[in-house]
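Okay, structure first, notes after.
The values are calculated or read from the model by the stated rules, or taken from the named source; none is laboratory data. Bear in mind the structure is a predicted one, so any value in this text is a computation, not a measurement. Glycine gets a Cβ as well: all are built from the backbone with ideal geometry, and neighbour counts include every protein chain shown. Surface areas here come from the heavy atoms of the whole protein model, side chains and all, with no ligands, DNA or RNA. Shrake-Rupley method; radii C 1.70, N 1.55, O 1.52, S 1.80 Å.
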Amino acid sequence: MAVFGRDDLIFYLNGGNDDELYALADGLRDETFGREVYLRAIVEFSNVCNKKCNYCGLRAPNSKVSRYRMDVDSIIESARMAAEAGARTIVLQSGDDFSYSPAQVEEIIIGIKESYDVAVTLSLGDRSAGEYEHWFNCGADRCLLKLETTAPDIYRKIRCGEDFHKRISLLRSLQEIGYEVGSGIIVGLPDYTVEQLAEDLFFLSGLELDMIAAGPFIPHPDTPFSTAGTGDIDLSFRFTALARLLNPLSNIPATSALDSFDSKGREKGLKRGCNVVMPSVTPAAKRKDYNIYPGKNSISLDVADSIFKAEELIRELGFVPSATKGSSRRMNNVE
């Protein structure tokens, strides 16, 4: 792992030497993962959420969202189509929607794992550690639990009074259960500073995460942050490049938010230290309603085309779509 002081991070975050930074991150990604890029196919099975996060278009008070919930069979069917199209990881993602019982989530996990040799990632929000342990025992492999910031006071502000330390406690519980765990932040939240981003990098690196995600802030018109300034995509690229240098074995996605800023955003991310792409395989009729931020899921493709387009992007850049599940190199000590 590269050794950087706070001043070094701030220097690079401020654009002190982008060419050097991106070359270092690209080289380290190549050294660690070769030319392989992992695909994670996301099934966004519900856009119902009981949270009131000030930055998110799915927040409970937003009455302009066309809400949907997929039934168990439809979720499994979407995963089936993704697996048959070549995806080796299925991400089950929703808002904090507790209408799905632990038994239903179990049925989905088992329905996928018994039929296909894939990894299953859960991104279900603040369910209990006991539920997550049960689902791990049912065959779930990974969990995503985003922080969005590592500053407790900012976390409380953007998530309407919620406790940052409870979120960290859940994240630690997921690691103790045995999951591969991912987390990350939003770059460019209102009133954020470069100095805080440097602290975020140190904090996330100290969590020993298997995946680290960061994307630029995009204000949603139907949220309290609607008039806030848009995040800086270059700052987001610098953040993920530094995350790569600080966490050489972690999986780092080129997020969909990058393409909302720049049609070649994810391409640039893959050339600057990222090694994962995460195409949506949510049914086309519902995909546009998983509208966390403007531009999210703006292109509606069927499942096979979503996977094909992601693989095509990877090949065009001179990378290779991985035929593996892309398991954690940090957890498995793969050098």
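Length gain on complete extension for the stretch Lys52 to Asp302, per 0.36 nm per residue less the alpha carbon to alpha carbon distance?
Length gained, Lys52 through Asp302: 86.9 nm.
Restricting things to Cα coordinates, could you compute the convex hull volume per residue of the range 59-205 in Å³?
Dividing the Cα hull volume of the range 59-205 by its residues yields 140 Å³.
Sort Met211, Met331 by accessible area with a 1.4 Å probe, largest first.
Final ranking, largest accessible area leading: Met331, Met211.
Stick to the Cα atoms of the chain, pair each with every other, and give me the Kirkwood hydrodynamic radius in Å at one decimal.
It works out to 19.8 Å.
Which is farthest toward the positive dipole end of the range 67-137 among Phe136, Leu92, Ile110, measuring Cα position about the Cα centre, with Cβ charges +1 (Lys, Arg) and -1 (Asp, Glu)?
Leu92
Ignoring ligands, DNA and RNA, how do Arg238, Arg272 rank by accessible area with a 1.4 Å probe, largest first?
From most accessible down to least: Arg272, Arg238.
What Cys residues in the chain have no fellow cysteine's beta-carbon under 4.7 angstrom?
Unpaired cysteines in the chain: Cys49, Cys138, Cys143, Cys160, Cys274.
Using a cut-off of 16 Å between alpha-carbon atoms, which aspartates and glutamates can reach Lys113, once sequence neighbours fewer than 8 places away in the same chain are excluded?
Filter leaves Asp73, Glu77, Glu84, Asp141.
Separation of the range 115-141 and the range 177-236 by C-alpha centroid, Å?
24 Å
Which FRET efficiency value, to the nearest 0.05, do you get for Phe11 and Asp191 by plugging their Cβ-Cβ distance into 1/(1 + (r/R0)^6) with R0 = 22 Å?
E between Phe11 and Asp191, to the nearest 0.05, is 0.50.
Which sequence of Glu36, Glu20 reflects their accessible areas, 1.4 Å probe, from the largest down?
I get Glu20, Glu36, largest accessible area first.
Cut-off under 16 Å on the C-alpha distance; same-chain residues fewer than 8 positions from Lys166 excluded. Which lysines are left, in chain and number order?
Lys51, Lys146, Lys157
Placing unit charges on C-beta atoms (Lys and Arg positive, Asp and Glu negative, everything else neutral), compute the dipole magnitude of the chain about its Cα centre in debye, rounded to 20.
I would put it at about 560 debye.
Express the C-alpha Rg of the range 177-276 as a ratio against the empirical globular expectation 2.2 N^0.38 Å, rounded to two decimals.
Output field value: 1.06.
Normalized C-alpha radius of gyration of the range 97-171, against 2.2 N^0.38 Å?
1.27
Taking the C-alpha atoms of the range 224-288, how large are the radius of gyration and the largest Cα-Cα span, Dmax, in Å?
13.6, 40
With a sphere of radius 14 Å drawn around the Cβ of Arg156, what net charge do the other residues whose Cβ falls strictly inside it have (Lys, Arg +1; Asp, Glu -1)?
Net of charged neighbours comes to +1.
At R0 = 35 Å, how high is the FRET efficiency between Gln104 and Asp18 if r is their beta carbon distance? Nearest 0.05 is fine.
Efficiency for this residue pair is about 0.15.
Hey, can you find the accessible area per residue of the chain for me, probe 1.4 Å, expressed in square angstrom?
So the chain comes to 40 Å² accessible per residue, rounded to a whole number.
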